[in-house]
Amino acid sequence: MSARMARQALRLAGKLGLPLEALCREAGFREEDLDDPELRIPYAALDGLLERAAALSGDANLGLHIARVDMVDLDDPATFVVLTSATLRDAMARGCRYQRVWGDGERFQMEDTAHGVRMRFTPVGAPRPAHRHLVEAALVQFATGVRAFTGVDVRPLCVRFQHPAPEDLREHEALFGCPLEFDAPFNAIDFSHEDVERPFIHADALLNAMFERQAQRALERLPEVATATERVREQVRRELAGGDFSFAAVARALRQPPRTLQRRLAAEGQSYAAIVESLRRELSAAYLQRRMSIAEVSFLLGYADPVAFHRAFKRWWGTSPEGYRRERLQAPR
């Protein structure tokens, strides 16, 4: 991922009086390396940095505070694509389109709902304590960015977090100004139909086209991603419907000893179970939108028992497959 979030985290750490050199060393990079705008670091390195900073500072709301660090990256064309978009809806779509500039793992997903537009946020890798701070930082930046870019005190319809509620919610309530849900099935921020059509105060079609070209070139300069995670994901996708997608079978297909493959996934902040879960979740939505039967979707996702599919789907999306399909069919186009 881009080192942008690490730079923000270290700036806050400096204000908190934490030992920056030691934090960087433990995370596996040098502080001076972060001056390079092209630097990309492993997701696990940022996770480790955040967890160590939280432990040293005792800051229970580290993510909220990182989000409020004032830092403009003039070398980041994707941010300026968002900034110069015509409306909030346009900005959401473009942010998703160019998010690989910020990191190789797709974390934001835009979807229409019956009430407006939802942006889901999924941290990369197996769940760990740092993900609470990453999620809160991402969603606060989103909420405050919408207000800054529209010039209107836009409040989300709802903000959801997968992690448990902290003891003191006053800061969360002040920053978001909307209903908050914790222990939710997914992380997300929802906006109304009216708010997603609000114009951006810096909207400029010519500048937007220019920044889009720069963002596209930035994407093209990135190396081809051939990570262990992607190779496992592709093999599982091929075998999911009726094949053998056990970890041992996948390791054999990739011609790697299971322990070696397991270590490589761990180095990328991933696990086999998390990869399968993420792929099934993604494909479940795509299949249901093709009007496939629930039984067929269950089979294509590799479930021997449709009941198990129903339970998993409700955990992923907060509703049943039937309810999800109804909501999508009723959503405005």
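Bear in mind that the values in this text are calculations on the coordinates, not laboratory data. All values reported here derive from a predicted model rather than from experimental measurement. Note that each Cβ is placed from the backbone with ideal geometry, even for glycine, and that neighbours are counted across all protein chains shown.
Assorted remarks:
- Our coupling estimate for the range 263-278, obtained by passing each phi through the Karplus curve with A = 6.51, B = -1.76, C = 1.60 and θ = phi - 60°, is 5, 5, 5, 4, 5, 8, x, 10, 9, 4, 4, 5, 5, 4, 4, 4 Hz, Gly and Pro reported as x.
- Ordering Met119, Ala184, Met210 by Cα displacement along the dipole of the range 4-219 toward the positive end leaves Met210 in first place; charges were set at the Cβ atoms of Lys, Arg (+1) and Asp, Glu (-1).
- For Gly318, net neighbour charge (Lys/Arg +1, Asp/Glu -1) across residues whose Cβ lies under 11 Å away: +3
- Seen through its C-alpha gyration tensor, with square-root eigenvalues sorted a ≥ b ≥ c, the range 4-219 comes out oblate because a/c lies at 1.5 or above while a/b is not bigger than b/c.
- GNM top mover of Met119, Met292, Met92 - the chain, alpha-carbon springs below 10 Å: Met292
- Placed amide H near Ala184: partners under 5 Å, 5+ positions off or other chain: Phe161, Gln162, His163
- Between the listed residues Ala13, Pro306, Met92, the Cα displaced farthest toward the positive end of the dipole of the chain, a dipole computed from Cβ unit charges relative to the Cα centre, is found at Pro306.
- Charges were assigned to the Cβ only: +1 to each Lys and Arg, -1 to each Asp and Glu. The resulting dipole of the range 196-272 about its Cα centre is roughly 440 debye.
- Cβ-placed point charges (K, R +1; D, E -1), dipole of the range 228-330 about Cα centre in debye, nearest 20: 160
- Residue-wise HN-Hα coupling along the range 139-146, computed from phi with Karplus coefficients 6.51, -1.76, 1.60 (Hz; x: Gly, Pro): 6, 5, 4, 5, 5, 6, x, 4
- Nearest-20 debye value, the chain charge dipole, Cβ charges on Lys, Arg, Asp, Glu: 1100
- GluC sites (Glu not before Pro) restricted to the range 7-114 and DSSP loop, no more than 10 other C-beta within 10 Å: Glu38
- A Gaussian network model of the chain, with springs between Cα atoms under 10 Å, assigns the largest mean-square fluctuation among Arg11, Arg315, Arg290 to Arg290.
- Note on Thr144 and Ala308: their simple-model spin labels are 4.4 nm apart, each label 7 Å out from Cα toward Cβ.
- R0 of 30 Å, Cβ-Cβ distance Arg25-Glu171: FRET efficiency to nearest 0.05: 0.45
- Gaussian network model of the chain, Cα within-10 Å springs - most flexible of Ala91, Ala137, Ala165: Ala165
- Scalar couplings 3J(HN,Hα) for the range 121-133, obtained by applying the Karplus form with A = 6.51, B = -1.76, C = 1.60 to θ = phi - 60°, are 10, 10, x, 7, x, 5, x, 8, x, 4, 5, 4, 5 Hz; x denotes Gly and Pro.
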